[in-house]
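J.: The structure that follows is given in the form of structure tokens.
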Amino acid sequence: FRIGDERDSSSFFVPGMEWRYLNADDRINVSNGWRLTLGLRGAAESVLSETNLLQGYAELKTVWSLTEHWRLLSRVEIGASYTDNFDVLPPSLRFFAGGDNSVRGYAYEQLGPKDDSGAVTGGKYLAVASAELDYRFADNWRVALFTDIGNSMIEPNQALKQSVGFGFRWISPVGAIRLDLAQAIDEPGDPWRLHFTLGSDL
């Protein structure tokens, strides 16, 4: 693997498990519902791995109808890693933030600890949250206002990055097609970024 200017290799045997629960009134156009995902994986130095690792992950997404036309959507993601030697972990075993389904306004995996060259190297911890208010102005069309906040970190008390934005949603037969414009308010110059996603709200 390559992280920034550094090239390295490592070997891991990482068994894991994931549990997911979904409760929604509709799989495509959700009015009320929530989804919880919990994940756990680990590795041991004594079993084909470079170092000991225990990593947990949780995500909660909710959709609540406030009125016939207004909905409130929220999302929280957290993750934590406990390891004897973080430096040998490949990018696939590190946390990153930023992008269409993370903190909008930032590029994919743009957020996290950086090396001396400015390259994002990933973190031991992850914290991301989002709140979105949308309004249905036609049968299959919604407009939304949102804010996202989050980061990946080496220590869990490091600063989070925030964005704000707005977007449009078309409720297609295969799920919502979303077009968002988000501003990274914690970046110099407050840059804007366009995001496109497809799928169910949960």
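J.: Could you tell me, in Å, what Rg and Dmax come out for the Cα atoms of the stretch 156-198?
T.: Using the Cα atoms of the stretch 156-198, the pair Rg, Dmax is 13.7, 42 Å.
J.: While we're on this one: Note the direction-averaged projected area, equal to a quarter of the hull surface, for the Cα convex hull of the stretch 1-100, in nm².
T.: Details: hull surface 32.6 nm².
Dividing the Cα hull surface by four gives the mean projection, 8.2 nm².
J.: Can I ask one more? Distance in nm between label sites at L198 and A159, each 7 Å beyond Cα in the beta-carbon direction?
T.: 3.8 nm
J.: Using a 1.4 Å probe over the heavy atoms of the protein chains, calculate the carbon and sulfur portion of the accessible area of the stretch 34-170 as a whole percent.
T.: Working: 3910 of 6690 Å².
C and S atoms contribute 59 percent here.
J.: Test of understanding: what is the full-extension gain from S31 to L66, defined as 0.36 nm times their sequence separation minus their Cα-Cα distance?
T.: Once the chain is fully extended between S31 and L66, it gains 11.7 nm.
J.: While we're on this one: Residue farthest toward the positive end of the dipole of the stretch 1-85, with Cβ of Lys/Arg at +1 and Asp/Glu at -1: which of S65, W34, T83?
T.: Farthest along the dipole direction, towards plus: S65.
J.: Please give the FRET efficiency for V76 paired with S172, using the beta carbon to beta carbon distance and R0 = 25 Å, rounded to the nearest 0.05. Please list the in-between numbers first.
T.: Details: r = 27 Å, r/R0 = 1.06.
The value I calculate is 0.40.
J.: Shifting gears a bit: How many Å² of accessible area per residue for the stretch 40-134, probe 1.4 Å? Display every interim value, and only then the final one.
T.: Numbers: 4450 Å² over 95 residues.
Heavy-atom SASA per residue in the stretch 40-134 reads 47 Å².
J.: Distance from a point 7 Å along Cα→Cβ of N85 to each backbone N in the stretch 37-62: keep the residues under 14 Å and list them by number.
T.: In the stretch 37-62, the label zone of N85 (backbone N under 14 Å from the point 7 Å along Cα→Cβ) covers 44-53.
J.: In Å², and per residue, what accessible area does the stretch 139-202 have when probed at 1.4 Å with the other protein chains present? Spell out each step's value before the answer.
T.: Numbers: 3420 Å² over 64 residues.
Averaged over the residues of the stretch 139-202, the accessible area is 53 Å².
The values are calculated or read from the model by the stated rules, or taken from the named source; none is laboratory data. Treat the numbers as computed from the prediction; the structure is a model and nothing was measured. Backbone-built Cβ (ideal geometry, glycine too); neighbour counts: all protein chains shown. Surface accessibility is based on the protein's heavy atoms, side chains included, excluding ligands, DNA and RNA. Shrake-Rupley method; radii C 1.70, N 1.55, O 1.52, S 1.80 Å.
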